[in-house]
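**Student:** Handing you a structure now.
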Amino acid sequence: MAKRGNFTSGLGGVEGGVLEALQRKGISRREFLKFCAIIGAALAVPVDQVGRIAEALASVRRPPVIWLEFQDCAGCTESFLRASRPAVAEIVLDLLSVDYHETIMAAAGKQAEEAKEATVKTGGHLVIVEGSIPTREGGIYCCIGGRTAVEILEEATRGAAAVIAVGSCAAFGGLASAEPNPTGAVGVRDLVHKVPVINLPGCPVNAVNITATVVHYLTYKSLPELDAWGRPLFAYGKRIHDNCERRAHFDAGQFVENWGDEGHRKGWCLYLMGCKGPETYSNCPTVRWNEGTNWPVGAGHGCVGCTQPGFWDSMTPFYRRLPTVPGFSVESTADDVGLGLAAVAAAGVAAHAAGSIIRRKTEKTEESKE
Amino acid sequence: MAKIVIDPLTRIEGHLRIEAEISGGKITGAWSSGTMFRGIENILKGRDPRDAWVFTQRICGVCTTVHAICSVRAVEDALGIQVPPNARMIRNILEAIQYVQDHVIHFYHLHALDWVDIVSALDADPAKTSQLAQSISDWPKSSADYFKGIKERVAAFVKTGQLGPFANAYWGHPAYKLPPEANLMAVAHYLEALEWQREVIKAHAILGGKNPHLQTYLVGGMSCPVDPNSQAGLNADGIAFLKDLFKKAKEFVEQVYLPDVLAVAPFYLDWAGIGEGLGNFLSYGDFPLTDTRSSDDPGNLFLPRGVILSRDLSTVHPVDQKAVTEYVTHSWYSYEDDREAKHPWQGGTWPNYTGPKPPYEYLDTDKKYSWLKAPRYNDQAVEVGPLARMLVAYAAGHERVKYWVDTVLAKLGAGPEALFSTLGRTAARCIETVVIAEQLIPWTEELAANIGKGDLRIHEQKHWDPSTWPAEAEGWGWTEAPRGALGHWIRIKNGRIENYQCIVPTTWNGSPRDANGQPGAYEASLVGTELADPEKPLEILRTIHSFDPCIACAVHLVEPRGNKTKIFRVC
């Protein structure tokens, strides 16, 4: 019989680590090492480091996690549930102790809030944030348990080891912060300064990147190296355009010109259809989505740039071809090719060279493609 | 009279708060409040209507895809676009697998813990659990050893003392009625469903690049090319992949989900008389089987469109979208006259928070108390969702729906009146999943056959360029999201969005009171429910979860018609 009285959150006496938990489930050491190798590949660590990952996972207790949802759509939660590779959804459940998560937790109301408080009191936890935080009018645009998101975030991150902002809303303000930002929505880094914050943008975040970040943290007892936007280099260090499976068609000047045309059916480059791959940093083309099944460009639609700050404003209209950026070699190649083979009007290109963040605000006319 | 509060009401999408008044152990009044607001429709103003679906899809990541479909249909309706057959069929397939996956997740991961006591599973006899499982289904994972393994796993998990998402719940509550063996079986299926959902939704990645938030819709069609002779389009390999996933989807639904519902329901038959609610139901219908000409003339729909009033299954009333209006009397918005209801094309609101300053203990429910508005149909509160769809289809004589509803009711020894309840909603969702899962493979084969005829069209090119559009246009898009009737209303002016408004399932079901004091479906359904322990209001969770709330969907903002659109074109 279970000890019913013991059903509160917090750290208990965990004997073994993740490996033991997995072995209890019938997952062999071999499969476990394979998983470590996959994670190692996602983290771009040398092969001889895989043993270190395994060692770390086999000895570590499940760190408590508080997953906060604010101005979110739960898309990152859903993505998290799709965590890839055999049994990874379960590995993640055993890797972490998710003590608070509105969408999945059994407890509700005050019992849910008590579980969170107990974890915060202990400290040393991870906070995962999904959704932006509204700051206008005293934060009344998002209240949970009668308290504002601003207050909840401040309290939950106190004593935390790190904060992971999943998805573009938590990382950069995302959708709610798009013009005219009615609620004063901001990302975590605008509010949390005393605890390290890792941004895992994307709309939603790719589950592989959550898993890899957590494993990195557990393995190296440090946070992964980040770029200027707070994004781990292992996942956001390269441009989509540079790893795109359609890049050869770009270089060859073979472009989709109409949806469903011959080039579209043959998998040619989507640049003229508005693909934002040339301005977007993400590992989408290499890790892909849903256990590597596919990714947006693979399914015939251009990248919308969802890992970039402010993409709802800077990358829209989504079907407008990106402007050239002077001095940027790839784009100038695009123009050379475009001028020669796709007859892109030079005037139209020049009109869009002003930089992307204010593009939506500045444009009054449709870009002339012809 | 005591008032209890559940906030956050967990295991839903979004932020929902329920306040309930208790007298003599019974709920005498209930108030439903959405406590988060983003303003997506305001953000949409002035943008390219062809981009709208990308924005609106982010209204909800649990109901991913449905706001995208609804949005492109709204623009297509405004511009008079008829999408090619392949696009219509691909949309149906995407939405169908969304239903199946989403309903299963809802049952096992959001709703089941209202009925299943995980702790009790630790007392189960694995051999008896195996007997139980094998008596209700041919599902192969049913041996005594299998359940022994699950039990040991749960026990080991509990032993760690880190109960994570299962900590601090209402385990041991007297309203849990299942024997330990049924609880253990349900726990096993909770874990299996977690794996299964991840697998079957790969269909979205095949056709849409990724899930959640597919990237495959276009105003005028779809962006996934079809071509049997290309590596880059949907070819025979892609079709085979889809069919394999759909086979797994259907098997799980028929051999696990349905048998589980039928096995659990008899222990909770009293819930066939609890949680009824409004008795009025609305469905816009969905899954067009013929090419749709306009939103008002959608052709032949697999799930029919209709309204049922006052539980009268003898009449299915036609739907007129012009009869849809919204009140803001008890919502944190302002109209010129707060007692007036407005149609989405005419309606308008500005956020106007008048609630208590946080932190607060109670909302002032006599005044405004929610970010949800109060949609009404012909000025009546209606319920939407799987129950509404199944009732409309049943009453309209839909063959498969009728077969499955009658089969399930017969197995439970209940009449159709049992459907008007908390249990009825949960059963209807399962029935719908079975009915839709049956269509996955035939619809995929139909798509393959059409492609095989040489039809490779996926997009209506004629209206892609905004210069072909009229200076002004208005349209409405419709869909039946897993959670119910979803409508988007758009006004386009000079190639840009002039006004955009969504009325979504949870706005219907979770609405606050209107100017006439009519409660929304959640509020009405809770009244009269007895609570065994007001400190642990499990009964409230059961009924609210039976609706499958999605609050992120439900909260939105529109602007007044005629109000000059702000154009953000400063350099």
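The values are calculated or read from the model by the stated rules, or taken from the named source; none is laboratory data. None of the values given here were measured: they were computed from a predicted structure. Please note: Cβ atoms are built from the backbone with ideal geometry, for glycine as well, and neighbour counts cover all protein chains shown. Please note that ligands, DNA and RNA were not included when accessible areas were found on the heavy atoms of the full protein model with its side chains. Shrake-Rupley method; radii C 1.70, N 1.55, O 1.52, S 1.80 Å.
**Student:** Grab the DSSP H runs of the protein assembly as shown that are 4 residues or longer, score each as -39,500 (n - 2.57), total them, divide by all residues and round the 222 nm result to the nearest 500 deg cm²/dmol. Numbers along the way, then the final one.
**Tutor:** Values: 36 runs with 342 residues, N = 941.
Using -39500 (n - 2.57) per qualifying helix, the result is -10500 deg cm²/dmol.
**Student:** How big is the stretch A:62-236 along each principal axis, measuring the range of its Cα positions in Å and listing the largest first?
**Tutor:** Taking the Cα atoms of the stretch A:62-236, the three principal extents are 44, 37, 29 Å.
**Student:** Pull up the DSSP beta bridges for the stretch A:62-236 and report the antiparallel fraction as a percent, rounded to 5.
**Tutor:** Looking only at bridges with both residues in the stretch A:62-236, the antiparallel portion is about 25 percent.
**Student:** A further question on this structure: Compute the projected area of the convex hull of the Cα atoms of the stretch B:2-554, averaged over all viewing directions, and report it in nm² to one decimal place.
**Tutor:** Taking a quarter of the hull surface, the average projection is 25.0 nm².
**Student:** Explain nothing, just compute: Karplus ³J(HN,Hα) = 6.51 cos²θ - 1.76 cosθ + 1.60, θ = phi - 60°, for every residue of the stretch B:381-396 in order, whole Hz, x for Gly and Pro.
**Tutor:** After applying 6.51 cos²θ - 1.76 cosθ + 1.60, I find 6, 10, 9, 10, x, x, 5, 4, 5, 5, 5, 5, 5, 4, 5, 7 Hz.
**Student:** Rounded, prolate or oblate for the stretch A:190-315? Axes are the square roots of the Cα gyration tensor eigenvalues, ordered a ≥ b ≥ c, and the cut-off for rounded is a/c under 1.5.
**Tutor:** On the way: a/c = 2.70, a/b = 2.03, b/c = 1.33.
Cα axes put the stretch A:190-315 in the prolate bin.
**Student:** To the nearest 20 Debye, how big is the dipole of the stretch B:2-554 about its Cα centre, given +1 on the beta carbon of each Lys and Arg and -1 on that of each Asp and Glu?
**Tutor:** Values: 53 positive and 67 negative charges, 154 e Å.
In total the dipole reaches around 740 debye.
**Student:** Principal axis lengths of the stretch B:374-478 from Cα atoms, whole Å, largest first?
**Tutor:** Its Cα atoms span 59, 44, 20 Å along the three principal axes.
**Student:** Only bridges whose two residues both fall in the protein assembly as shown count here: according to DSSP, what percent of them are antiparallel, nearest 5?
**Tutor:** Values: 59 of 82 bridges.
Roughly 70 percent of the beta bridges in the protein assembly as shown run antiparallel, per DSSP.
**Student:** Within the accessible area of the stretch B:252-382, what % is carbon and sulfur when the probe is 1.4 Å and the other protein chains stay in place?
**Tutor:** On the way: 2430 of 5030 Å².
Ligands and nucleic acids excluded, carbon and sulfur give 48 percent.
**Student:** My understanding is that a pair violates if its Cα-Cα distance is over 28 Å; which of B:Lys26/B:Lys177; A:Lys221/A:Lys276; B:Lys26/B:Lys367 do that in this structure?
**Tutor:** Working: B:Lys26/B:Lys177 20 Å; A:Lys221/A:Lys276 35 Å; B:Lys26/B:Lys367 24 Å.
Violating the 28 Å limit, Cα to Cα: A:Lys221/A:Lys276.
**Student:** Quick one: what are the phi-derived ³J(HN,Hα) couplings along the stretch B:135-146, Karplus 6.51/-1.76/1.60 with θ = phi - 60°, whole Hz, x for glycine and proline?
**Tutor:** 7, 10, 7, 8, 3, x, 7, 8, 6, 4, 5, 4
**Student:** Could you tell me which residue out of B:Phe252, A:Gly305, A:Thr77 lies farthest along the dipole of the protein assembly as shown toward its positive end? Charges go on the beta carbon: Lys and Arg +1, Asp and Glu -1, centred on the Cα centre.
**Tutor:** A:Gly305
**Student:** Tell me the chymotrypsin sites (Phe, Trp or Tyr not before Pro) within the stretch A:216-290 that lie in a loop according to DSSP and have at most 13 other beta-carbon atoms within 10 Å. Don't jump to the answer; show the numbers that get you there.
**Tutor:** Numbers: sites: A:Tyr217, A:Tyr220, A:Trp229, A:Phe234, A:Tyr236, A:Phe250, A:Phe255, A:Trp259, A:Trp268, A:Tyr271, A:Tyr281, A:Trp289; in loops: A:Trp229, A:Trp259, A:Trp268.
Sites meeting the loop and neighbour criteria: none at all.
**Student:** Can you bin the protein assembly as shown into rounded, prolate or oblate? Criterion: square roots of the alpha carbon gyration tensor eigenvalues sorted a ≥ b ≥ c, rounded for a/c under 1.5, prolate for a/b above b/c, oblate for the rest.
**Tutor:** Details: a/c = 1.36, a/b = 1.15, b/c = 1.18.
Note, shape of the protein assembly as shown comes out rounded.
**Student:** Let me make sure I get this right: for the stretch B:77-213, a, b and c are the square roots of the gyration tensor eigenvalues over alpha carbons, sorted descending. Under 1.5 in a/c it's rounded, otherwise prolate if a/b > b/c, else oblate. Which is it? Before the final figure, lay out the partial values.
**Tutor:** Working: a/c = 2.71, a/b = 2.21, b/c = 1.22.
Prolate, because a/c is 1.5 or more and a/b exceeds b/c.
**Student:** Please give the total accessible area that chains B and A bury against each other, computed with a 1.4 Å probe and expressed in Å² to the nearest 100. Can you show the working numbers first?
**Tutor:** On the way: alone 21450 and 17240 Å², together 29470 Å².
About 9200 Å² of accessible surface is lost on pairing.
**Student:** Report, in cubic angstrom per residue, the convex hull volume of the C-alpha atoms of the stretch B:267-401. Each step should come with its number before you reach the end.
**Tutor:** Numbers: hull volume 23.1 nm³, N = 135.
Per residue, the Cα convex hull of the stretch B:267-401 comes to 171 Å³.
**Student:** Given 20 °C and 1.002 mPa s, how large is the Stokes-Einstein diffusion coefficient of the stretch B:1-144 in µm²/s, with Rh as the Kirkwood radius over Cα pairs? Please list the in-between numbers first.
**Tutor:** On the way: Rh = 20.0 Å.
Value of D from the Cα-based Kirkwood radius: 107 µm²/s.
**Student:** If you don't mind, another one. Which value, in nm² and rounded to one decimal, describes the direction-averaged projected area of the C-alpha convex hull of the stretch B:173-288? Mind showing how you got there, number by number?
**Tutor:** Details: hull surface 44.6 nm².
The orientation-averaged projected area of the Cα hull of the stretch B:173-288 comes to 11.2 nm².
**Student:** Can you work out ³J(HN,Hα) from phi for every residue in the stretch A:209-214, in order, using Karplus 6.51 cos²θ - 1.76 cosθ + 1.60 and θ = phi - 60°, giving whole Hz and x for Gly and Pro?
**Tutor:** Calculated HN-Hα couplings, in order: 6, 5, 4, 5, 5, 5 Hz.
**Student:** Just the Cα atoms of the stretch B:406-547: what Rg and Dmax do they give in Å?
**Tutor:** Over the stretch B:406-547's Cα set, Rg and Dmax evaluate to 22.2, 64 Å.
**Student:** List the residues, sorted by chain then number, that are 5 or more residues from B:Tyr369 or on another chain and whose placed amide H is less than 5 Å from its amide H.
**Tutor:** Here B:Ser331, B:Trp332 satisfy the definition.
**Student:** If you build the convex hull over the alpha carbons only and average its shadow over all orientations, what do you get for the stretch A:125-217? Give it in nm² to one decimal. Can you show the working numbers first?
**Tutor:** Working: hull surface 23.3 nm².
The Cα convex hull of the stretch A:125-217, projected and averaged over all directions, gives 5.8 nm².
**Student:** Continuing with the same structure: In vacuo Debye scattering of the stretch B:404-463, one point per C-alpha: log10 I(q)/I(0) at q = 0.28 Å⁻¹?
**Tutor:** -1.09
**Student:** Give the Kirkwood hydrodynamic radius (Å, one decimal) of the stretch B:448-504, defined as one over the mean of 1/r across all pairs of different Cα atoms.
**Tutor:** Values: mean 1/r = 0.0714 Å⁻¹.
Hydrodynamic radius (Kirkwood, Cα pairs) of the stretch B:448-504 is 14.0 Å.
**Student:** Which whole number in µm²/s is D for the stretch A:247-308 by Stokes-Einstein, with the Kirkwood Rh taken over Cα pairs at 37 °C and 0.692 mPa s?
**Tutor:** Values: Rh = 11.9 Å.
D, rounded to a whole number, is 275 µm²/s.
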